[in-house]
Amino acid sequence: MRDKFCSTNRVNELGVRGSKDNANMIGRRLFLRHSTLAAAGIAALPFALYGCAGEGRAERAAAGAGATASEEMSWSLRLTTDKEPGEPLIVSGTIYAADGRTPLEGMTLYVYHTDARGNYPEAGGESGAPGRLRGRMLTGKNGRYEFRTIKAASYPGRNIPAHIHASIKGPQVAERWITDYWFADDPLLPPQDRERSQGLGNFSPVLKLARGSDGVLRGARDIKV
């Protein structure tokens, strides 16, 4: 099934890059959201965001449909079963305050992504939800999070790198989207974005994956709020 949520538009965190028609397709709300994020300098990096024209729809899903009560959430999440096609992947990290040193407790990290074919699989009838490969984590005192899934694939027939969408929120942090998770071995990742990740260490959104003896790919990314 073709991805019904996403378009080929490319958006950066300072606004919309592309034609006027593309900007209209993205919508004023998405433009303002990314502009505000960049102006505040919060969790913003000078990378392109490879997102969805329907991301407002995904945002509503993140805030409502399929939500898990905080008392049921854990710092660790499994998005898939062993039967899910694709390469098993574990992503982990720590969510920090703006100083990059203080772990934050009570932060919710929401992620969703495509399957191994690059599609957003149906979400079991939950209207508006961006596929079934999605979920939330809640950090403890050490600020840690971890999710186990499969490596996302790029959209079929599109020149957009594979990515994992993510948003964060917390007791004193309004919910907002952060730069997507990308993969260092992805040939579709533009050189300029790859270069900008250099020197960021674990705060880079570009995951450097290593395969363990168990055959599972692992990557790490820390997040500053």
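Converting phi to 3J(HN,Hα) with the Karplus coefficients 6.51, -1.76 and 1.60 and the offset θ = phi - 60°, the stretch 78-88 yields 10, 8, 10, 9, 5, 8, 5, x, x, 7, x Hz in sequence order, with x at every glycine or proline.
The 3J(HN,Hα) values that the Karplus relation (6.51, -1.76, 1.60; θ = phi - 60°) gives for the stretch 212-225 are, in residue order, x, 5, 8, x, 8, 6, 9, x, 10, 8, 8, 10, 9, 8 Hz. Gly and Pro appear as x. Amide H to amide H distances under 5 Å link Ser74 with Leu138, where only residues 5 or more positions off or on other chains count and H is placed in the peptide plane.
Efficiency by 1/(1 + (r/R0)^6): what FRET value for Val216 and Leu188, r their Cβ-Cβ distance, R0 = 25 Å, to the nearest 0.05?
0.60
Working from label points 7 Å from Cα in the Cα-to-Cβ sense, the Phe203 to Ala97 distance is 1.5 nm. For the stretch 139-147, the Karplus equation 6.51 cos²θ - 1.76 cosθ + 1.60, evaluated at θ = phi - 60°, returns couplings of 6, x, 4, 8, x, 7, 9, 7, 9 Hz by residue, with Gly and Pro reported as x. Amide H contacts for Met107 (H built 1.01 Å from N in the peptide plane; partners 5 or more residues away or on another chain; cut-off under 5 Å): Thr139.
Please state the charge dipole magnitude for the stretch 106-225, taken about the Cα centre, from unit charges on C-beta atoms (+1 on K and R, -1 on D and E), reported in debye and rounded to the nearest 20.
Values: 18 positive and 12 negative charges, 58 e Å.
In total the dipole reaches around 280 debye.
A 1.4 Å probe run over the protein chains yields, for the stretch 136-225, 44 Å² of accessible area per residue, whole-number rounding.
Within the stretch 76-158, what whole-number % of the accessible surface is contributed by carbon and sulfur, with the 1.4 Å probe and all protein chains included in the calculation?
Values: 1610 of 3440 Å².
It is 47 percent, rounded to a whole number.
The values are calculated or read from the model by the stated rules, or taken from the named source; none is laboratory data. As the structure is a prediction and not an experimental result, all values here were calculated from the model. Heads up, the Cβs are rebuilt from the backbone with ideal geometry, glycines too, and the neighbour counts pull from every protein chain shown. Ligands, DNA and RNA are excluded from the accessible area calculation, which covers all protein heavy atoms including side chains. Shrake-Rupley method; radii C 1.70, N 1.55, O 1.52, S 1.80 Å.
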